[in-house]
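A.B. asks: The structure that follows is given in the form of structure tokens.
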Amino acid sequence: MFQWLSTYNCDFALATLPVQLLLFLFYFGKSYLPTRQNRDFVTALGLNFALTLVSVAACAWNPGGASYSYWLLLGVNMAYCLLFLLRSWFLFEYTADELYAYQEIPSVWRVITMLPLLAALFLTLLTPWTGWIFRFDSLHGVQTGPFSGWIFGAAWAYIVFSMGYIAICQKQMDAMQKVRLYAFNLILAIGFLLDSQFPYSMTSCYFSLLAVLIIYLGTQNPERYIEPRTFLFNRLAFYAVMREYLDRKDYWLFGFVIQNYNDTRELYGGTQMDRGLSAIGRYLESTIRDATTFYLRNGRFLLASLHPMDTEQIQHLLKQRFRTSWSAGNAEIFANIGCVSMEPRMLRSMENIVNCLSMAFKEAGGVDAPDIHIDRAYWKHVHHHLRVKRALDHAILNDGIEIFVQPLARAASGEIVGAEALARIRGADGKLIYPDEFIPMAEHDGSITQLGEQIFRKACAFMSQEDVRKSSLEWMNVNLSPIQCHDMTLAEDFSDIKKRYHLSDSAIHLEITEASMESLSTLKEKVSLMQKDGFQFVLDDFGSGYSNARMVKQIPFVNVKLDKDIVQDHFKKPDSYLQNVILSLRDLGYEVTAEGVETKNMVDALKKMGVDYLQGYYYAKPMPAKDFLHYLGENRGAGKNRQA
């Protein structure tokens with residue numbers, strides 16, 4: 001069966017040559033990453049191609065060694081040994097670099113792993129004088145030397161080292177990466193094994209090509225790292241480049257974002273906008289040549305370099321260029337940009353860099369937003385944001401949203417008849433974090449639905465307590481985010497919770513802000529649906545800008561709460577505006593609540609204006625639910641005295 005292996009057979013090697021050549025041509029026809037991992041792959045690719053050519057030459061010349069020049073045979077065989085060793089080394093280095101193993105494993109291992117290569121190179125380079133690896137026989141041609149096994153021994157050592165690195169670093173790998181790295185090293189091992197057992201078959205050229213193809217298709221295909229609209233490097237490429245930059249002493253980053261990108265894209269249309277992005281990409285590559293350019297989607301461009309960049313000059317250049325239009329086929333695109341720069345040598349972790357850039361791009365991407373410079377102060381700002389985000393995630397996951405309660409008093413009597421449930425979370429240090437910090441995050445990442453459900457459930461649980469039922473408290477307001485108003489199952493979910501606690505329809509009022517009025521038709525449909533299940537609605541923050549009396553008239557609110565700013569502004573500079581608003585709302589049949597009440601003078605004046613309910617620090621600041629029960633007990637009958 002294996003008799004055909006008894007003499008030199010070049011079929012395996014020759015079959016790989018056109019494939020390797022095509023791979024070379026395709027690879028170098030694309031933009032490829034300026035990383036050590038990529039350089040290792042390119043070097044291994046070149047070494048494998050050269051090794052295949054040398055192997056074919058050795059097959060042709062070695063059997064008839066006496067017929068050829070000594071120096072020709074020496075050169076071919078020396079080249080074969082050196083290329084074989086170096087290919088094994090660079091494939092091992094590729095494995096180490098893809099795993100970032102030198103960041104995980106003590107540096108002494110890098111020295112240890114070089115020893116087989118150095119020893120084999122030493123033996124090979126002295127072979128012309130010692131015959132240790134091979135020697136020449138005038139009758140039989142090239143013969144193996146006493147230490148020829150060191151060549152394959154070194155190759156096997158790097159297979160073992162690679163497998164060891166994969167095992168050590170496997171916790172940071174996904175399943176596909178693990179399979180791919182094990183597979184390409186196993187295929188190399190099979191090739192070496194067959195080559196050692198059947199030295200005239202030259203199978204290692206074929207198996208090494210298979211290993212290279214696994215690497216190429218898995219991670220090194222340049223198409224994986226190119227953003228198709230701009231032909232710049234993409235986010236995946238940025239992660240790969242930055243991981244290597246972090247090993248260096250310095251790096252420089254500069255980015256910019258098209259402000260109000262989503263609206264700009266909608267204005268010009270997707271096709272025209274993509275052409276404009278392509279034009280921007282071409283301009284960056286032709287103008288700023290000393291940096292690697294990335295497009296991170298959503299109008300975000302980034303320049304990275306290991307060499308100093310004059311970010312002020314680049315920013316000035318780009319600002320000037322964006323004052324004129326970008327050609328997009330038959331159309332011209334105009335856009336404004338916000339710039340993001342980062343101090344060199346500041347952040348040394350990939351996570352911190354990504355978090356800082358993400359927030360900076362977001363803040364610089366608003367309409368007329370300022371440029372962002374990432375320095376120590378900005379990092380503290382981001383760090384605080386991340387601390388709040390972690391606290392929010394933990395609270396939602398562990399049912400840790402707390403309700404604080406603020407009382408509402410009937411203006412006529414001063415009696416505490418209502419309350420508002422306000423969300424609070426705690427950081428890892430136990431300190432309270434307030435809604436203006438975490439509610440926007442929850443709305444942005446979609447967790448507001450879970451957060452809102454926790455608050456509603458805990459408010460229902462509070463109102464169902466026996467002490468509350470016996471008190472003067474008639475209802476509790478629970479805030480509803482505009483995003484929750486789009487939840488198709490909200491009515492059903494909240495109804496189930498309310499029924500579980502056996503509450504009356506009037507026990508819980510749902511507060512919606514003026515921001516919800518932007519989608520009036522959707523809001524009307526949602527309110528109508530939930531009112532059929534007995535829910536009552538309160539409009540919060542009236543007067544903050546979105547709604548007017550005509551809009552409010554379209555939804556049957558049981559109460560309208562005046563924004564505290566317009567209430568407090570009246571007492572700083574009195575005029576007729578607040579009185580007219582109150583009269584208009586009462587003419588429409590709404591009860592009116594004034595927020596931000598802080599003094600006895602405000603209580604008296606608002607009561608004369610016709611306000612029905614009062615809320616503010618004059619009565620109490622928001623307090624934990626258990627403290628509010630104590631507050632209710634202390635204030636029975638005290639309301640009238642406070643009003644007097």
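A.B. asks: Divide by every residue of the chain the summed helix terms, -39500 (n - 2.57) for each DSSP H run of at least 4, and state the resulting mean residue ellipticity at 222 nm, rounded to the nearest 500 deg cm²/dmol.
C.D. replies: Calculated at 222 nm, the ellipticity per residue is -17000 deg cm²/dmol.
A.B. asks: Okay, moving on. Rounded to the nearest 20 Debye, what is the dipole magnitude of the range 208-261 about its Cα centre when Lys and Arg each give +1 and Asp and Glu each give -1 at the C-beta?
C.D. replies: 60
A.B. asks: Then there is this: Run down the lysines and flag those whose C-alpha is under 19 Å from the C-alpha of residue 526, throwing out any fewer than 8 positions away in its chain.
C.D. replies: Candidates past the 8-residue exclusion: 498, 553.
A.B. asks: What are the principal axis extents of the Cα atoms in the range 150-189, in Å, biggest first?
C.D. replies: Projected onto the principal axes, the Cα atoms of the range 150-189 cover 34, 18, 6 Å.
A.B. asks: Just to verify a number: FRET efficiency for residue 393 and residue 349, C-beta to C-beta distance, R0 = 22 Å, to 0.05?
C.D. replies: 0.65
A.B. asks: Continuing with this model, one more query. Can you pull the percent of Cα pairs in the range 156-256 with separation above 20 Å?
C.D. replies: Tail fraction, whole percent: 56.
A.B. asks: Against the longest principal axis of the chain, how steep is helix 175-197, in degrees 0 to 90 to the nearest 10, with axes from Cα atoms?
C.D. replies: 10
A.B. asks: Leaving out ligands, DNA and RNA, what percent of the accessible area of the range 309-377 is carbon and sulfur, probe 1.4 Å?
C.D. replies: Result for the range 309-377: 47 percent of the exposed heavy-atom area is carbon or sulfur.
A.B. asks: Hey, another quick one. Whose amide H sits under 5 Å from the amide H of residue 509, counting only residues 5 or more places off or on another chain, with H placed in the peptide plane?
C.D. replies: When sequence neighbours closer than 5 places are left aside, the close amide H contacts are 476, 477, 478.
A.B. asks: Quote to one decimal, in nm, the extra length available between residue 586 and residue 384 on full extension: 0.36 nm per residue of separation minus the C-alpha distance between them.
C.D. replies: The residue 586-residue 384 span can extend by a further 68.3 nm.
A.B. asks: Shifting gears a bit: Using a 1.4 Å probe, what is the accessible area per residue for the chain, in Å²?
C.D. replies: 47
A.B. asks: Starting from 0 in steps of 5 Å, tell me what percent of the Cα-Cα pairs of the range 218-260 lands in each bin.
C.D. replies: Values per bin, smallest distances first: 5, 17, 22, 23, 18, 11, 4, 1.
A.B. asks: Amide H to amide H under 5 Å from residue 342: which residues, 5+ apart in sequence or cross-chain, H placed 1.01 Å off N in plane?
C.D. replies: So residue 342 has HN proximity to 253, 374.
A.B. asks: Compute and list, largest first, the equivalent-ellipsoid semi-axes of the chain from the alpha carbon gyration tensor, each √(5λ) rounded to a whole angstrom.
C.D. replies: 74, 28, 21
A.B. asks: Can you compute 3J(HN,Hα) from phi for each residue in the range 374-383, using the Karplus curve 6.51 cos²θ - 1.76 cosθ + 1.60 with θ = phi - 60°, rounded to whole Hz and x for Gly and Pro?
C.D. replies: 8, 10, 4, 5, 5, 4, 4, 4, 5, 4
A.B. asks: Let me ask something additional. If only Cα atoms are counted, what is the Rg of the range 106-197, and what is its Dmax, in Å?
C.D. replies: Here Rg and the maximum Cα pair distance are 17.0, 56 Å.
A.B. asks: Can I ask one more? Considering only protein heavy atoms, with the full assembly of protein chains and a 1.4 angstrom probe, order 600, 553 by accessible area, largest first.
C.D. replies: Largest to smallest exposure gives the sequence 553, 600.
A.B. asks: On a straight-distance basis, which lysines could pair with residue 600 in a cross-link, Cα separation under 25 angstrom, same-chain partners fewer than 8 positions away excluded?
C.D. replies: Result set, ordered by chain and number: 561, 564, 572, 573, 608, 621, 640.
A.B. asks: So, one more: Report in % the part of the accessible area of the range 181-237 that belongs to carbon and sulfur, leaving out ligands and nucleic acids; probe 1.4 Å.
C.D. replies: For the range 181-237, the apolar C and S fraction of the accessible surface comes to 71 percent.
A.B. asks: Run the quick spin-label model on residue 461 and residue 525: label points 7 Å from Cα toward the beta carbon, then report their separation in nm to one decimal.
C.D. replies: 3.4
A.B. asks: Quick one: what are the phi-derived ³J(HN,Hα) couplings along the range 501-510, Karplus 6.51/-1.76/1.60 with θ = phi - 60°, whole Hz, x for glycine and proline?
C.D. replies: For the range 501-510, the Karplus-derived couplings read 9, 6, 9, 6, 4, 8, 6, 10, 9, 9 Hz, x marking Gly and Pro.
A.B. asks: Here is a follow-up. Have a look at 31, 162, 117 and report the one farthest towards the positive end of the charge dipole of the range 24-176, computed about the Cα centre with Cβ charges (Lys/Arg +1, Asp/Glu -1).
C.D. replies: 31
A.B. asks: Please compute the modelled spin-label separation between residue 190 and residue 618, points set 7 Å along Cα→Cβ, answer in nm with one decimal.
C.D. replies: Computed distance between label sites residue 618 and residue 190 equals 8.4 nm.
A.B. asks: Semi-axes, largest first, in whole Å: what does sqrt of 5 times each Cα gyration tensor eigenvalue give for the range 308-363?
C.D. replies: Calculated on Cα positions only, the semi-axes equal 29, 15, 9 Å.
A.B. asks: Give me the number: length gained by fully extending residue 71 to residue 217, i.e. 0.36 nm times residue separation minus the C-alpha to C-alpha distance, one decimal in nm.
C.D. replies: Between residue 71 and residue 217, full extension yields an extra 48.6 nm.
A.B. asks: Calculate one ³J(HN,Hα) per residue across the range 35-47 by plugging θ = phi - 60° into the Karplus curve 6.51 cos²θ - 1.76 cosθ + 1.60, and present them in order as whole Hz with x for glycine and proline.
C.D. replies: 10, 5, 4, 5, 5, 4, 5, 4, 5, 4, 4, x, 5
A.B. asks: Share of antiparallel DSSP beta bridges in the chain, in percent to the nearest 5?
C.D. replies: Percent antiparallel among DSSP bridges in the chain is about 60.
A.B. asks: Separate question: How high is the FRET efficiency between residue 229 and residue 114 when r is their beta carbon distance and R₀ equals 30 Å, given to the nearest 0.05?
C.D. replies: Result of the calculation: an efficiency of 0.10.
A.B. asks: Around residue 226, which amide H atoms from residues at least 5 apart in sequence, or from another chain, sit under 5 Å from its own amide H, with H modelled in the peptide plane?
C.D. replies: Long-range HN contacts for residue 226: 234.
The values are calculated or read from the model by the stated rules, or taken from the named source; none is laboratory data. Note that the coordinates shown come from a computational prediction; the quantities given were computed from them, not determined experimentally. Virtual Cβ from ideal backbone geometry, glycine too; neighbours counted across all protein chains shown. These accessible areas exclude ligands, DNA and RNA; they are computed on the full protein's heavy atoms, side chains included. Shrake-Rupley method; radii C 1.70, N 1.55, O 1.52, S 1.80 Å.
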